[in-house]
Amino acid sequence: MKILNDLFTKYLRPRNRILTNPGGNKRYIHLQRPVMVQSKILVDSLQINFDKLGNGPHPVLCMPGALGFIESDFGPILNKFDTQKFTIITWDPPGYGKSRPPNRDFSGGAKFFYRDANWANNLMQALGYKKYSILGWSDGSNTAMVMGFKYPDAIKKLVLWGGNSFITQEDVNLYKKVENIDNWSAGMKAPMIKMYGEEYFRQSWSAWTKLFVDIFETERGDLCKEGIKQILKPTLILHGMKDAMVPFEHAKYIHNNIKDSRLHVMPEGKHNLHIKFADEFIPIVQKFLEE
C-alpha cells in the first residue's frame, strides 16, 4: 500500500570510504562516527529511554511518530547532524520503544499529546537543558506544537513535518485504511514486530487509529488547532507533496497560524521526507536552527 510505504524505513549501515593511493590500489577505510550514548532516566516515575549524540551548545530534542522509537524514526539520520554545533537528544515516549513498561496509554483524546509534551519537557529539564529546540515528525510534530505554546520559556525553535493540528474526515479515512496490520506487507511489519512483538504492536496500532477517530467524533477533530496560534517561537514547517498520510492543508494551516513561521515544500517528499531526502533535509534544518 502506498500509504504504508511512507511509514517505515530500514536503518542505514555504517559506510566505508574508498581511497586510492598513487599506485592506483584501492583501500577501504571505515569512517568513524560520533558515539550515541543510550541511557534511561526517571521522569515522573517513568523510566524514559533516550539517546544523546554530540556536545554542541544548541540542544535539540527529536520527537518520533506513532509507535516510533529512536532507531526507527531518527536512527538513519542522527550522524548527519553537526555534533560540534548541536547536542541531539532522541527519546522513546512512554510505552514506545524501550520506554516500557508500562504499556502505552491511548486514552484521553487530544490530551494524549499534552501528556507527551509534559514528559518530554520534564525529560529535557532533568537532563539539564533549560532551553532547547525541537524536531517533531508526525505525532511528534503534534506534541512539539503543544510544547510550543505550553512551555514557551523552554523552547528556542520548532521544526515540524508530517503533523496536523486537527483531524478531518479525509484523515479518518486514511487512518482506517491502515488500521489492520494484516493488510501490511511482511517487510513493513517486521521492524515494529521485532521491537514490540506482534500482539502489542497489533493492539497499540489499533488503539492509535481509534484514538484519532474518537478525537474527530467527540472533540471536533481539534488536536491543538487554537493552541498553535499562541506559538511565538521561530518555526520551520516542511511538507512533502507526495505525503500519503498528511494532506498539504495541514502544513498550510500550521504555517498560517504560527506567526513567526516559514514553509518549505519538498515536491518529491513523502511522509518520511527526513529519511528519504536527508541530504536536503539536514542542511535546511541546521541553517534554520543556527540563524
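The values are calculated or read from the model by the stated rules, or taken from the named source; none is laboratory data. This is a predicted model, so every value here is computed, not measured. Here the Cβ is made from the backbone with ideal geometry for all residues, glycine too, and neighbour counts use every protein chain on show.
Residues to consider are Tyr151, Tyr129, Tyr114; find the one that is over 16 Å from Tyr253 (Cβ atoms), touching a Cys at 6+ places or on another chain (Cβ under 9 Å) and surrounded by fewer than 23 Cβ atoms within 10 Å (Cβ to Cβ). Spell out how you get there, then give the answer.
On the way: Tyr151 fails: touching a Cys at 6+ places or on another chain (Cβ under 9 Å); Tyr129 fails: touching a Cys at 6+ places or on another chain (Cβ under 9 Å).
When all the criteria are applied, what remains is Tyr114.
Any residue in region 80-87 that is over 18 Å from the mean Cα position of the chain (by Cα), among the hydroxyl-bearing types (Ser, Thr, Tyr) and over 23 Å from Val178 (Cα atoms)?
Scanning region 80-87, I find at least one residue that is over 18 Å from the mean Cα position of the chain (by Cα), among the hydroxyl-bearing types (Ser, Thr, Tyr) and over 23 Å from Val178 (Cα atoms), so the answer is yes.
Within region 147-157, is even one residue aromatic (Phe, Trp, Tyr), within 21 Å of Pro102 (Cβ to Cβ) and in a helix (DSSP H, G or I)?
No, there is no match, as no residue in region 147-157 is aromatic (Phe, Trp, Tyr), within 21 Å of Pro102 (Cβ to Cβ) and in a helix (DSSP H, G or I).
Here's the yes/no breakdown for (1) within 21 Å of Phe166 (Cβ to Cβ); (2) of a type outside the set (A, V, I, L, M, F, W, C); (3) more than 15 Å from the chain's Cα centre (by Cα):
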site: Phe212; (1), (2), (3): yes, no, yes
site: Gly221; (1), (2), (3): yes, yes, yes
site: Gly227; (1), (2), (3): yes, yes, yes
site: Met245; (1), (2), (3): yes, no, no
site: Ile254; (1), (2), (3): yes, no, yes
site: Ile258; (1), (2), (3): yes, no, yes
site: His271; (1), (2), (3): yes, yes, no
site: Phe281; (1), (2), (3): no, no, no
site: Glu291; (1), (2), (3): no, yes, yes
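Taking Ser206, is it surrounded by 15 or more Cβ atoms within 10 Å (Cβ to Cβ) and polar (S, T, N, Q)?
So Ser206 fails the test.
Look through Ser72, Ser99 and report the one residue that is touching a residue at least 24 places away in the same chain (Cβ under 8 Å) and over 23 Å from Ile282 (Cα atoms).
Among Ser72, Ser99, only Ser99 is touching a residue at least 24 places away in the same chain (Cβ under 8 Å) and over 23 Å from Ile282 (Cα atoms).
Could we say that Lys225 is under 26 Å from Lys156 (Cβ atoms), of a type in the set (Lys, Arg) and in contact (Cβ under 8 Å) with a residue 24 or more places away in the chain here? Spell out how you get there, then give the answer.
Numbers: under 26 Å from Lys156 (Cβ atoms): yes; of a type in the set (Lys, Arg): yes; in contact (Cβ under 8 Å) with a residue 24 or more places away in the chain: yes.
Here the answer is yes, as Lys225 does meet what is asked.
Can you name the condition, by its number, that Glu179 falls short on among (1) modelled with pLDDT of 95 or more; (2) farther than 28 Å from Ile231 by Cα; (3) outside any helix (DSSP H, G or I); (4) of a type outside the set (Lys, Arg)?
(1)
Got a number for residues in region 111-133 being among the charged types (D, E, K, R) and part of a helix (DSSP H, G or I)?
Number satisfying all stated conditions: 3.
Can you tell me which condition Ser141 does not meet? The list is (1) closer than 26 Å to Gln47 by Cα; (2) touching a helix residue (DSSP H, G or I) at 6+ places or on another chain (Cβ under 8 Å); (3) buried (at least 22 other Cβ atoms within 10 Å of the Cβ), and all the others hold.
(2)
Which pairs turn up if I take residues in region 143-168 that are within 15 Å of Cys224 (Cα to Cα) and polar (S, T, N, Q) and look for partners that are modelled with pLDDT of 95 or more and part of a strand (DSSP E or B) with beta carbon separation below 7 Å, at least 6 apart in sequence or on another chain?
Going by the 7 Å Cβ cut-off, the qualifying pairs are Thr143/Met63; Thr143/Gly136.
Which one of the conditions (1) touching a residue at least 24 places away in the same chain (Cβ under 8 Å); (2) within 23 Å of Arg100 (Cα to Cα); (3) of a type in the set (S, T, N, Q) does Ser185 fail to meet, given that it meets all the rest?
Of everything listed in (1) touching a residue at least 24 places away in the same chain (Cβ under 8 Å); (2) within 23 Å of Arg100 (Cα to Cα); (3) of a type in the set (S, T, N, Q), Ser185 misses just condition (2).
If a residue has to be surrounded by 23 or more Cβ atoms within 10 Å (Cβ to Cβ) and assigned to a helix (DSSP H, G or I) to count, how many in region 71-83 make the cut?
Of the residues in region 71-83, the ones surrounded by 23 or more Cβ atoms within 10 Å (Cβ to Cβ) are 72-74, 81.
Those left that are additionally assigned to a helix (DSSP H, G or I): 72-73.
Within region 71-83, residues that are surrounded by 23 or more Cβ atoms within 10 Å (Cβ to Cβ) and assigned to a helix (DSSP H, G or I) number 2.
If I filter region 217-236 for residues that are buried (at least 20 other Cβ atoms within 10 Å of the Cβ) and closer than 20 Å to Asp73 by Cα, do I get at least one hit?
Within region 217-236 (the criterion being buried (at least 20 other Cβ atoms within 10 Å of the Cβ) and closer than 20 Å to Asp73 by Cα), the answer is yes, since at least one residue qualifies.
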